[in-house]
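Notes follow the structure.
The values are calculated or read from the model by the stated rules, or taken from the named source; none is laboratory data. Just so we're clear, the structure is a prediction, and the values are computed from it rather than from any experiment. Ideal geometry is used to build each Cβ from the backbone, glycine not excepted, and the neighbour counts take in all protein chains shown.
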Amino acid sequence: MIVILSPQASKSDIDEVTANLKERGYGVHVSQGVEKTIVGVIGAHDDEKLLVAEQLSSLAYVERVVPILKPFKVVSHEFHPDKTIVKVNGVDIGGQKVIVMAGPCSVESEEQTIEVARAVKAAGASILRGGAFKPSTSPYSFHGLGEDALKMLAAARELTGMPIITEVMDTRDVELVCKYADILQIGTRNMANYSLLTEVGNARKPVMLKRGMASTIEEWLQAAEYIANQGNYDIILCERGIRTFETYTRNTFDVSAIPTVLGLSHLPIIADPSHGTGRHALVPPVAKAAVAAGADGLMIEVHPQPEKALKDGAQSLTPNNFDQMMKDISAVARAVGRYI
Ligand code: PEP
Ligand code: MN
């Protein structure tokens, strides 16, 4: 349920209505927009909503009380009509600029990480990606260099000034990853790991939540709600493709999820055409489609020698191909009123 206050509502009106709601045992989330203040109410049962709505509507400074019927509330558009901009060390995700996160699938060595970091920065990327803890369908494939990789990412940040994003797979590693990372990535296989979502919700770091490979948009937004419910609203969503009957591509990139999410939620959304397609030749065209559809950013895998990559070589761009893609995307961004 949301309580929309009239533009004249004062600070003491806001305090009064929030105290009233807290007394009833509800969670309260105040969102101060440019024109209006919206008070989000969590935990009201359906059978109470009508009565509470009637009672609150009697207050002079309450404009309207609207029930939210969606299964996600805090991350919904109704709760927070202004778009959320996630700020990461001087980089704004969700604003006019399309933010590009790029780097290797896995951190393999300090040289490789620094080489890619310098190349993607020169091409216009704002954030460095790199896996230290790698989820893998096969127990026999590379699982990442762990803390050593986190140190290599930190060294690359030191040299280039780029913030770093890396995946955390386990609640036991959240503290360690927070020591190094600027953004915590939750991978597709963990989208529905509710204890991990709660843990990163308690961490005071932005979180990028990838869509589960077999999850609906509604399930994905409910997963984001788990993070937000802990008080961490710095959430970025990432469409990375879903499982379909198609086997030519690694996943089926769901471009329609981008405008859908932008309509349902105030959170920024970025696109990962690398995992979305699994084929390097398909990455630039799908990246263009994502930007045209309104994506706030991209996550792209880049490797200096994809043919030697320990993981995801087939979908990795070379630094040259990445540079070309950035140029092509810049024209698309301009066409939709954004820039790179
Ligand atoms: C990754 O970003 O390297 C990764 C493992 O992604 P996903 O969770 O989307 O498979
Ligand atoms: Mn990968």
Among (1) surrounded by 20 or more Cβ atoms within 10 Å (Cβ to Cβ); (2) within 16 Å of ligand 2 (Cβ to nearest atom); (3) among the β-branched types (Val, Ile, Thr) - the single one THR318 does not satisfy
(1)
Residue list for the range 243-254, restricted to those being among the β-branched types (Val, Ile, Thr), in a loop (DSSP other than H, G, I, E, B) and within 16 Å of ligand 1 (Cβ to nearest atom):
THR244, THR249
Among the residues of the range 105-135, the number that are free of Cβ contacts under 8 Å to residues at least 60 places away in the same chain and surrounded by fewer than 21 Cβ atoms within 10 Å (Cβ to Cβ) is 7
List every residue pair whose Cβ atoms lie under 7 Å apart, where the two residues are 6 or more positions apart in sequence or sit on different chains, the first residue falls within the range 304-331 and is under 16 Å from ILE114 (Cα atoms), and the second residue, located anywhere, is more than 15 Å from ligand 2 (Cβ to nearest atom) and not in a helix (DSSP H, G or I).
PRO306/THR318; PRO319/PRO304
For a quick check of your reading: which strands (runs of 3 or more DSSP E) sit entirely within the range 72-141 and have at least 2 residues that are in the same structural domain as CYS178 (by TED's automatic domain parsing) and within 13 Å of ligand 2 (Cβ to nearest atom)?
99-103
For the structure I just gave you, tell me whether ASP92 is free of Cβ contacts under 8 Å to residues at least 24 places away in the same chain and within 30 Å of PRO135 (Cα to Cα).
yes
When residues of the range 244-258 are limited to those that are within 16 Å of ligand 2 (Cβ to nearest atom) and surrounded by fewer than 23 Cβ atoms within 10 Å (Cβ to Cβ), the one farthest from LEU209 (Cα to Cα)
THR249
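For every residue, the table says whether it meets (1) under 34 Å from the mean Cα position of the chain (by Cα); (2) in contact (Cβ under 8 Å) with a residue 12 or more places away in the chain; (3) assigned to a loop (DSSP other than H, G, I, E, B).
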| position | (1), (2), (3) |
| --- | --- |
| VAL17 | yes, yes, no |
| ASN20 | yes, yes, no |
| VAL30 | yes, yes, no |
| GLU35 | yes, yes, yes |
| VAL39 | yes, yes, no |
| ALA44 | yes, yes, yes |
| LEU51 | no, no, no |
| LEU56 | no, yes, no |
| GLU63 | yes, yes, no |
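Counting only residues that are assigned to a strand (DSSP E or B) and touching a Leu at 6+ places or on another chain (Cβ under 8 Å), which one in the range 268-302 is nearest to ligand 2 (Cβ to nearest atom)?
Initially, the range 268-302 is screened for residues assigned to a strand (DSSP E or B), giving 269-271, 297-302.
Imposing the further condition that a residue be touching a Leu at 6+ places or on another chain (Cβ under 8 Å) reduces the set to 269-271, 300-302.
Working: ILE269: 19, ILE270: 15, ALA271: 14, ILE300: 11, GLU301: 6, VAL302: 11 Å.
That would be GLU301.
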Restricting attention to the range 144-185, which residues are more than 17 Å from GLY103 (Cα to Cα) and over 22 Å from the mean Cα position of the chain (by Cα)?
GLU147
Result of the Cβ filter at 8 Å on the range 268-291, keeping first residues that are within 11 Å of ligand 1 (Cβ to nearest atom) and partners that are hydroxyl-bearing (Ser, Thr, Tyr), at least 6 apart or interchain, is SER274/SER316; HIS275/THR188; GLY276/THR249; GLY276/THR252; GLY278/THR249
